[in-house]
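What follows is a single structure, written as structure tokens, with notes after it.
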Amino acid sequence: MIYAVAPVAKPRMTQRDKWKKRACVMRYRAFCDKVRALRVALPQPCRVVFYLPMPRSWSETRKVKSDGEPHAVRPDLDNLCKALFDAVCRNDAHLWNVQAEKRWGLKPRIEVEA
């Protein structure tokens, strides 16, 4: 399944984030709301591919050339997975086999394959 939502990494959060509106936390909460609205499902086992947006400073030819290439910079893959798992599952203990990767994409999205 392809879900048209830009992946967001889970930020480090403190108790102050309940009332202090930091930008990274607000982005994460909006991501969680959108994932829940799209009713993203994680069948077991599954393969998850995060397609992250390319920087605006890149030229169009570089963007086209890099579409689908591995993404080897921040954010970390484990933080992307944490954000998705926390948004989809109240308790993610039932997830036992998830293969994940992150790639550059012209259209930011999350793909989930059974």
Self-check item: Pairs with Cβ under 6 Å, 6+ apart, first in region 1-26 and modelled with pLDDT of 95 or more, second open to solvent by 70 Å² or more (accessible area, probe 1.4 Å) and not in a loop (DSSP other than H, G, I, E, B)
Solution: VAL5/LYS34; VAL8/ARG27; LYS10/LYS82
Exercise. Look through region 1-57, keep the residues that are in contact with a helix residue (DSSP H, G or I) (Cβ under 7 Å, 6 or more places away or on another chain) and of a type in the set (Lys, Arg), and return whichever of them is farthest from ASN79 (Cα to Cα).
Key: ARG36
Practice problem: Could you tell me which of the residues ARG56, ARG47 is of a type in the set (Lys, Arg) and without any contact (Cβ under 8 Å) to a residue 24 or more places away in the chain? | Solution: ARG56
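Go through region 7-16 and give me each residue that's out of contact with any Cys (no Cβ under 7 Å at 6 or more places or on another chain), farther than 10 Å from ALA87 by Cβ and open to solvent by less than 80 Å² (accessible area, probe 1.4 Å). First the steps, then the outcome.
We begin by selecting, within region 7-16, every residue out of contact with any Cys (no Cβ under 7 Å at 6 or more places or on another chain); these are 7-10, 12-16.
Still in the running and farther than 10 Å from ALA87 by Cβ: 7, 9, 12-16.
Once the filter is applied, which keeps residues that are out of contact with any Cys (no Cβ under 7 Å at 6 or more places or on another chain), farther than 10 Å from ALA87 by Cβ and open to solvent by less than 80 Å² (accessible area, probe 1.4 Å), region 7-16 yields PRO7, ALA9.
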Practice problem: Kindly indicate the residue of region 70-101 that is in contact (Cβ under 8 Å) with a residue 60 or more places away in the chain and open to solvent by less than 30 Å² (accessible area, probe 1.4 Å) and also nearest to TRP58 (Cα to Cα) among those meeting that condition. | Solution: LEU80
Exercise. Check LEU95, LEU38, LEU80 and return the single one that is on the phi < 0 side of the Ramachandran plot and within 10 Å of the chain's Cα centre (by Cα).
Key: LEU80
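Restricting attention to region 17-60, and to residues there that are part of a loop (DSSP other than H, G, I, E, B) and hydrophobic (A, V, I, L, M, F, W, C), which single residue is most open to solvent (accessible area, probe 1.4 Å)?
Going through region 17-60, the residues part of a loop (DSSP other than H, G, I, E, B) turn out to be 19-22, 38-45, 53-59.
Keeping just the survivors that are hydrophobic (A, V, I, L, M, F, W, C) gives 19, 38, 40-42, 54, 58.
Values: TRP19: 169, LEU38: 73, VAL40: 17, ALA41: 54, LEU42: 20, MET54: 26, TRP58: 40 Å².
For region 17-60, the residue satisfying everything is TRP19.
Output the residues belonging to region 96-114 that are part of a strand (DSSP E or B) and under 9 Å from PHE50 (Cβ atoms). First the steps, then the outcome.
Quick first cut of region 96-114, residues part of a strand (DSSP E or B) only: 98-104, 109-113.
Correct list: ALA100, GLU101, LYS102, ARG103, ARG109, ILE110, GLU111.
The values are calculated or read from the model by the stated rules, or taken from the named source; none is laboratory data. Predicted, not measured: the structure shown is a model, and the values here were computed from it. Virtual Cβ from ideal backbone geometry, glycine too; neighbours counted across all protein chains shown. Note: accessible area is taken over every heavy atom of the protein model, side chains too, but ligands, DNA and RNA are not part of it. Shrake-Rupley method; radii C 1.70, N 1.55, O 1.52, S 1.80 Å.
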